[in-house]
Amino acid sequence: MYKKLFVLLLLAVLGWSFFTLLQTHQERQSLNPLSKHYVEKGPDEVGAPNLVTAIVVTYRGFDTLGEVTILFVSAAIVGLFLKTENRRRKYKIRSTSEILHAAQRLLFPVMILFGIYIFMNGHLTPGGGFQGGAVIATAMILVLLTNPESPISHRAFNLLESVSGFSYIIIGVLGVLLAGGFLDNHILPLGKFGNLFSAGAIPLIYSFVGLKVGSELSSIILNLNDVQKDDK
Amino acid sequence: MILIIVSMVLGVVMIAVSLVALHTKKLQAAILAAGVLSLMTSILFLLLAAPDVALTEAAIGSALTTAIFFYVLNKIKNTHV
Amino acid sequence: MNFFSVQGISLTIGFILILIGLWGILTQRNLIRIIIGFTIFNNGVNLIIVALAYMKGRTAPIIDQVVTRTDAVDKVADPIPQALVLTAIVIGVGVTAVMLSYTLRMYRAKHSLEINVFTESKW
């Protein structure tokens, strides 16, 4: 009981400080100098209409590399925690309904196509590698819901993940050799502003990020599904 | 004006749903309430002129997180009986 | 500041969500509910960062027919906090997956989700 009172007191103090922050907050009227540079020079320097993509992939490319690394480490930790000795199942799983099977056959290719569409058009429209990868992982959830015994191999996903991650690094190093710096997108011609094949290497980089994120999230789901199969 | 009314309604729903997520008896209902909270947040991101963030929140925060929660909960229930 | 604007309302909701999430983390006994508290906290922080990037009457940072290259500076919201939140959401799902798999591991050891059971890890 005393503990709850103490927590309430803490929350009251925090809430009061938040309230004073809110009261003194003034809405900004113009962009700060750094954002101004990105918005003014971004279309000419990077060639991508979507400025958020320009920042995520090119200006702050190191951040994205670190983020993909964190996601990889967390997928590896999930695999380590959920490791079980025998992959042999001990009880029978009830088969799912015909409606789910038919819907899965119909929807799976469309979902994969939609994911690829999202990460290919990341420099033109809202979206990009992370969102497209999440859509692909959702398609994998649909497959596993329909048939938890699906023979999806972990090795294929691990291979896809390593190949796309390696290509991402190679493109970054090519940027050092051929253009201004690590992950510079000028290794390919900028092209016509607003076309699908424009903005230099951004569509390529975002496709590799999308494949890597999609295979990492899918491997988390596959590991959880394997635990489901294993012991009761 | 219409934007302010929509965001106020969204805010009331979000706060109610987050309280439900913490205080309902059933864990399934709590997880679903957390997913609904993410979905409402993504609509608010759209009103705040951030479509990229809204798409990410809807795809990752709302769908994938809820799915992972349910996989773990299902595993725990199976072991319990 | 003006509380009756989209930015003011969003900031208020974000701070209330942080308080609710912290309340959940500190008072709940069930491990899964504590993790739900973390996701609520996460949502609140992301909402505050995006709301700070918004300016009244401005639109999304994408160049097209409405927002041309020349007048983009006066028409778009700040893109940098949006890029940061994009990163934070993806890291959030990774951290949640790690917490949940560790919960599963703890459940295997003690066959309970109550945090009071795990007393030997207390110090």
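The values are calculated or read from the model by the stated rules, or taken from the named source; none is laboratory data. Just so we're clear, the structure is a prediction, and the values are computed from it rather than from any experiment. Quick reminder, even Gly has a Cβ in these numbers, built from the backbone with ideal geometry, and neighbours come from all protein chains shown. Only protein heavy atoms, including side chains, enter the accessible area calculation; ligands, DNA and RNA are left aside. Shrake-Rupley method; radii C 1.70, N 1.55, O 1.52, S 1.80 Å.
Would you be able to tell me the number of residues in region C:82-91 that are facing another protein chain (nearest Cβ under 7 Å) and either assigned to a loop (DSSP other than H, G, I, E, B) or of a type outside the set (S, T, N, Q) (or both)?
Final tally of qualifying residues: 6.
Looking at B:10, B:37, B:19, which one is within 25 Å of residue A:224 (Cβ to Cβ) and away from chain A (no Cβ under 13 Å)?
Answer to the check: B:37.
Any residue at all in region C:59-81 that is more than 7 Å from every other protein chain (Cβ to nearest Cβ), open to solvent by less than 50 Å² (accessible area, probe 1.4 Å) and part of a helix (DSSP H, G or I)?
yes
Being open to solvent by less than 20 Å² (accessible area, probe 1.4 Å), part of a helix (DSSP H, G or I) and within 7 Å of another protein chain (Cβ to nearest Cβ) is true for just one of C:37, C:14, C:8, C:44. Which residue is that?
Among C:37, C:14, C:8, C:44, only C:37 is open to solvent by less than 20 Å² (accessible area, probe 1.4 Å), part of a helix (DSSP H, G or I) and within 7 Å of another protein chain (Cβ to nearest Cβ).
I'd like the residue in region A:181-232 that is surrounded by fewer than 24 Cβ atoms within 10 Å (Cβ to Cβ) and charged (D, E, K, R) and, out of all such residues, is nearest to the other protein chains (Cβ to nearest Cβ).
A:232
Could you check how many residues of region A:82-106 are modelled with pLDDT of 85 or more and either buried (at least 16 other Cβ atoms within 10 Å of the Cβ) or within 14 Å of another protein chain (Cβ to nearest Cβ) (or both)?
Adding up the residues that qualify gives 1.
Is region B:32-44 home to any residue that is out of contact with any Phe, Trp or Tyr (no Cβ under 6 Å at 6 or more places or on another chain), surrounded by fewer than 23 Cβ atoms within 10 Å (Cβ to Cβ) and β-branched (Val, Ile, Thr)?
yes
Condition first: open to solvent by 60 Å² or more (accessible area, probe 1.4 Å), part of a loop (DSSP other than H, G, I, E, B) and not hydroxyl-bearing (Ser, Thr, Tyr). Now tell me which residues in region A:26-47 satisfy that.
A:26, A:28, A:29, A:32
For residues that are crowded, with 20+ Cβ neighbours inside 10 Å and hydroxyl-bearing (Ser, Thr, Tyr), scanning just region A:48-78, find the one that is nearest to residue C:82 (Cα to Cα).
Within region A:48-78, the match that is nearest to residue C:82 (Cα to Cα) is A:53.
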